[in-house]
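Undergrad: Take this structure, written in structure tokens, and hold onto it; I'll ask about it next.
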Amino acid sequence: MVNIIQTINYIESYEHANIISNLISDSGVNGIRVNLCKYSRDIVRTVIREFIPIFLRKGIRKIYLDIPYPIDKARIYGILNDKKVIKENDEYLIKKGNNSDSICDYESKKIYVNCTKFDVNRDIVYYGDGEGAFRVSRISEKGIFCVAKNDFYIINGKSISCGYFEQDKAVMSNILDSIGDMEVSLLIPFTESVDVINDIRGMVHNNVSLIAKIETESGMNNIEEIARKAEGILIGRGDLALYSNLKDLFPNLRDAIEKVRDNKIIFCTGILQNFSDTYMPERAEIFDLMLIKQLYANELILSGSSDFNFSNIRELYLHSLKSIKRKVGFINNVW
């Protein structure tokens with residue numbers, strides 16, 4: 001069997017956390033993943049100190065926290081409405097800004113991101129997991145001028161792969177201080193060398209385990225050394241696929257995983273998102289799930305689901321529970 005971890009995108013209140021705990025415990029899911037990178041820095045401490053103990057008291061022992069250290073993706077912010085549309089062939093300026101809603105300016109086609117450094121050594125910049133793309137036209141002191149390659153929606157908080165936000169150790173210290181003696185696992189983003197693992201290892205308590213996220217070709221090349229120091233390897237296929245030669249991606253990934261197959265191997269996947277309302281999963285999802293099994297995965301992290309939205313689970317607990325159980329049952333049947 002495989003362990004199934006459910007991503008919870010946002011925890012909105014003490015009541016919400018309690019209902020999530022009940023759903024997780026009753027559905028057969030083995031644990032949760034909370035992406036701290038999607039919370040504003042001033043409430044991360046609250047999320048950890050007030051909500052994580054609720055899950056632990058409920059007996060949920062697999063708790064994964066995505067941390068924004070040592071870097072975080074350049075996320076879009078400052079959008080006044082839920083989403084804005086990007087138009088194909090229009091030119092946009094991607095630029096740094098301060099974290100203020102007032103700077104959002106789509107009329108002049110500016111996209112503000114929370115990054116300290118731009119890192120564009122490529123012709124194409126992707127948004128999210130490839131939902132949108134820009135062709136870079138030029139780079140200046142003002143930012144990155146680029147032309148949209150398709151129509152798509154921009155959603156506040158999603159990332160854009162044009163740069164990154166460098167974090168100092170104070171961010172990590174704040175997270176660890178909030179964790180205290182709780183037993184959790186930290187997901188380390190864009191791990192490319194063992195140096196990052198060693199750095200964080202020197203800061204954490206013994207009850208905190210480290211999971212290296214392999215999201216680049218450099219990470220795959222160094223996967224053996226990284227695996228020797230980490231408690232697990234998470235394969236971030238979304239980012240791997242964006243900037244890899246697709247014909248080489250699977251053989252390279254297979255060869256890399258063969259070297260570390262005795263370690264904990266985790267796949268983060270968006271499969272079964274629409275399984276709540278259909279009799280069978282989509283065919284691509286079925287084959288994707290079987291492929292993940294062949295790559296020696298012993299844990300799956302499912303993406304965030306509407307089943308865990310506050311407005312949904314408060315009134316539709318039984319519907320949500322049925323939906324989650326169907327997903328768990330299907331995954332276990334494949335395994």
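Undergrad: Might you report the magnitude of the Cβ-based charge dipole of the chain about its Cα centre, with Lys and Arg at +1 and Asp and Glu at -1, to the nearest 20 debye?
TA: Values: 43 positive and 45 negative charges, 56 e Å.
With Lys and Arg at +1 and Asp and Glu at -1, about 260 debye.
Undergrad: Over the heavy atoms of residue 10, what accessible area does a 1.4 Å probe trace out, to the nearest 10 Å²?
TA: The accessible area of residue 10 comes to roughly 100 Å².
Undergrad: Hey, can you grab everything whose amide H is under 5 Å from the amide H of residue 162? Only 5+ residues off in sequence or another chain; H modelled, so Pro and N-termini drop out.
TA: Answer set, sorted by chain and number: 74.
Undergrad: Sort the stretch 157-293 into rounded, prolate or oblate with this rule: let a ≥ b ≥ c be the square roots of the eigenvalues of the Cα gyration tensor; rounded if a/c is under 1.5, and if a/c is not under 1.5, prolate when a/b is larger than b/c, oblate otherwise.
TA: Verdict is prolate for the stretch 157-293.
Undergrad: Where both partners of a DSSP beta bridge lie in the chain, what percent of those bridges are antiparallel, to the nearest 5?
TA: So the antiparallel bridges amount to about 45 percent of the total.
Undergrad: Here's another thing I want to ask about it. In whole percent, how big is the carbon plus sulfur part of the accessible area of the stretch 96-197, probe 1.4 Å, protein atoms only?
TA: 43
Undergrad: What size of dipole, in debye to the nearest 20, comes out for the stretch 207-335 about its Cα centre when the only charges are +1 on Lys and Arg C-beta atoms and -1 on Asp and Glu C-beta atoms?
TA: 360
Undergrad: For residue 43 and residue 311, calculate 0.36 nm times their separation in residues minus their Cα-Cα distance, and state this gained length in nm to one decimal.
TA: So the extension gain works out to 94.4 nm.
Undergrad: Scanning the chain for GluC sites (Glu not before Pro) in DSSP loops with at most 16 other Cβ atoms within 10 Å, what's the longest stretch left with none?
TA: Counting only loop sites that pass the neighbour cut-off, the longest clear stretch is 13-87.
Undergrad: Residues with amide H under 5 Å of residue 111's amide H, sequence separation 5 or more or different chain, H placed in the peptide plane at 1.01 Å from N; which?
TA: Excluding prolines and chain starts, which carry no amide H, the hits are 93, 94, 95.
Undergrad: Computed over the Cα atoms of the chain, what is the convex hull's projected area averaged over all directions, in nm²?
TA: Result: a mean projected hull area of 16.9 nm².
Undergrad: Roughly how many Å² is the accessible area per residue of the chain, as a whole number, for a 1.4 Å probe?
TA: Here the per-residue accessible area is 48 Å².
Undergrad: Placing +1 on the Cβ of each Lys and Arg and -1 on the Cβ of each Asp and Glu in the stretch 108-205, which of 118, 175, 187 has its Cα farthest towards the positive end of the resulting dipole?
TA: 118
Undergrad: Show which aspartates and glutamates lie in cross-link reach of residue 158 when reach means a straight Cα distance below 12 angstrom and same-chain residues fewer than eight apart are skipped.
TA: The qualifying aspartates and glutamates are 72, 82, 129, 131.
The values are calculated or read from the model by the stated rules, or taken from the named source; none is laboratory data. None of the values given here were measured: they were computed from a predicted structure. So basically every Cβ, Gly included, is an ideal-geometry build from the backbone, and we count neighbours across all protein chains shown. All accessible areas refer to the heavy atoms of the entire protein, side chains included, with ligands and DNA or RNA removed. Shrake-Rupley method; radii C 1.70, N 1.55, O 1.52, S 1.80 Å.
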